[in-house]
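The values are calculated or read from the model by the stated rules, or taken from the named source; none is laboratory data. Remember, it's a predicted structure, so these values are computed and weren't measured experimentally. A quick note on method: Cβ atoms are made from the backbone with ideal geometry, for glycine too, and the neighbour counts reach across all protein chains shown. All accessible areas refer to the heavy atoms of the entire protein, side chains included, with ligands and DNA or RNA removed. Shrake-Rupley method; radii C 1.70, N 1.55, O 1.52, S 1.80 Å.
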Amino acid sequence: MKNLFVDQTVSQIGEEVRLYGWVGTIRDHKKIVFIDLRDRTGIVQVVGGEEFKVLSTEDVVYIKGLVKKRPEKLVNPKLKTGTIEVEAKELKIISKALPLPIPVQGDGYDIDEERRLKYRYLDIRRPRMTRNLILKSKSTMFIRNYLAELGFLEIETPILTKTTPEGARDFLVPSRLQKGNFYALPQSPQQYKQLLMVAGIERYFQIARCFRDEDPRRDRAYGEFTQLDLEMSFVEQNDIITLAEDLFTSLVKEIFPEKHISQTPWPRLSHKYVMEKYGTDKPDLRKNKADPNELSFSWTIDFPLFSEQSEKDFFYGSGKAKFAPSHHMFTAPHPDDVLLLDKNPLKVRGLQHDMVLNGYEVGGGSIRIHQPEIQKKVFDLIGFNEEQKKQFSHMLEAFGYGVPPHGGIAPGIDRFLFTVLGEPSIREVMAFPASSGGKISVMEAPSPASDGQLKELGIKINS
């Protein structure tokens, strides 16, 4: 007799089964006590006797029992296991539960989020949160299998890397062995994936953790998030767009069969067109915005390569340059506009492509610059001084040893799921997200370092 998940009991009528889980609802009918036994696959009704009267909700228990078909009039159509119940033959209490600081029934939207995050290990017990994490796991597994079939290699890139100006504030990590120097956590694997193309990998992907010290919002988490990072050599923009479109169309059909994509192929719209018609570069093209199962994907292309530099572009240049990259500094100019780099940079289109879903940008990518002279030109236009250029000397040197044309895309897995599921915040599809104030779930982080730790790192704190 094997241990089963509760949703497997449906096919075991007449058999004895062993189940483990948490006690949900308890219904005491004097000589007979019913409990809902819950694990991550759902709940099943268990029938017991006097021995069940010692149970409390959220106790962890072991039950051996006989699976029986329910009478027709007692079938619960709302449950996957609603056609059966388990008649308990043996009960063991593995651990008792104290009264919970937050309820785990219901959707949890009415509970203060800071409190939910403090007790996230309890919050995840609610069916909605469990479902979200299951769907996230299934989605990443689907992506892995899909890309592996197409000859992509999954390759990890470093988490401890170098601070470079890439569009947001870095998280810095002090070095113990090289006092006074710092690592940075990667905002994305951008430079490493381009170097993998130089290395001849040709087709790379990674389910990557990315770190950005930027203000949170509904569709953006503070601190860290997960994205599919993908890069290909010897491709044009259409190759990348077609691959990503096919991947996510297939993913929706497989993992979210109740959803329907409103238009295929996805519309490809120029930046100029969507700004003039919708006033945004991520338009919501749903025909019926009240339909939660409608998914409207589109592509926004032909972005300007540069925008006018402003004070918010603190990470670029010396503050004297006129231009900032609209996407990032490695995006290739449209081949028809290369001559405009010298004449009128603001008229240059970039080979950028944004994946848009229901009014959210859920992924972005581009064809990359692979010519060292054009990369140096872009550095000059965004105002990099010689010291800043040295931060990318490894890239320019690598490009001198034979680099293929290449490009990629990085859809945000958290943001994609948040949008597909219609959740109110991206944090609802993350296991242990940071709060809007930057406090890490469950752990009391960030927290002070000890004097000994600071001394070992050669750091003094100015209060």
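Some notes on this structure:
- Ordering 54-64, 90-100 by mean Cβ neighbour count within 10 Å, with the highest value first, yields 54-64, 90-100.
- The stretch 379-399 and the stretch 405-419 have Cα centres separated by 26 Å.
- Taking the Cα atoms of the chain, the ratio Rg/Rh between the radius of gyration and the Kirkwood radius comes to 1.05.
- In percent, rounded to a whole number, the relative contact order of the stretch 210-285 is 13, using alpha-carbon pairs under 8 Å and six or more apart.
- Residue among Pro265, Ser11, Pro448 farthest towards the positive dipole end of the chain, charges placed on Cβ: Ser11
- Relative contact order (percent, whole number), the chain, Cα cutoff 8 Å, 6+ residue spacing: 13
- Shown for the chain: the carbon plus sulfur share of the solvent-accessible area, taken with all protein chains present and a 1.4 angstrom probe, equals 53%.
- Proximity of backbone amide H atoms, modeled 1.01 Å from N, is registered between Ser441 and Ala434, Ser435 at under 5 Å, excluding neighbours fewer than 5 places apart on the same chain.
- Taking all pairs of distinct alpha-carbon atoms in the stretch 227-305, Kirkwood radius in angstrom: 14.1
- Straight-distance crosslink candidates among lysines, where the alpha carbon sits under 16 Å from Lys455 and sequence neighbours closer than 8 are dropped: Lys179
- Pairs over the 19 Å Cα-Cα cut-off, from the set Lys31/Lys53; Lys64/Lys138; Lys162/Lys377; Lys68/Lys96: Lys64/Lys138; Lys162/Lys377; Lys68/Lys96.
- Distance violations [Cα-Cα > 29 Å] among Lys136/Lys376; Lys69/Lys136; Lys30/Lys73: Lys136/Lys376; Lys69/Lys136
- In the chain, taking the dipole from charged Cβ atoms about the Cα centre, the farthest positive-side position among Met275, Phe182, Ile367 is held by Phe182.
- Its DSSP H runs of at least 4 residues, each contributing -39,500 (n - 2.57), put the calculated 222 nm mean residue ellipticity of the chain at -7000 deg cm²/dmol, to the nearest 500.
- Toward the positive end of the charge dipole of the stretch 11-99, with +1 on the Cβ of Lys and Arg and -1 on the Cβ of Asp and Glu, the farthest Cα among Gly21, Gly82, Val33 is that of Gly82.
- Sequence ranges 136-145, 397-406, ranked by mean other-Cβ count within 10 angstrom, highest first: 136-145, 397-406
- Taking one quarter of the surface of the C-alpha convex hull of the stretch 319-454 gives a mean projected area of 13.2 nm².
- Whole-number D in µm²/s for the stretch 136-290 (Stokes-Einstein; Kirkwood sum over Cα pairs; 25 °C, 0.890 mPa s): 134
- Taking every protein chain into account, the accessible area of the chain amounts to 51 square angstrom per residue (probe 1.4 Å).
- About its Cα centre, the dipole of the chain is roughly 1220 debye, where the only charges are +1 on Lys and Arg Cβ and -1 on Asp and Glu Cβ.
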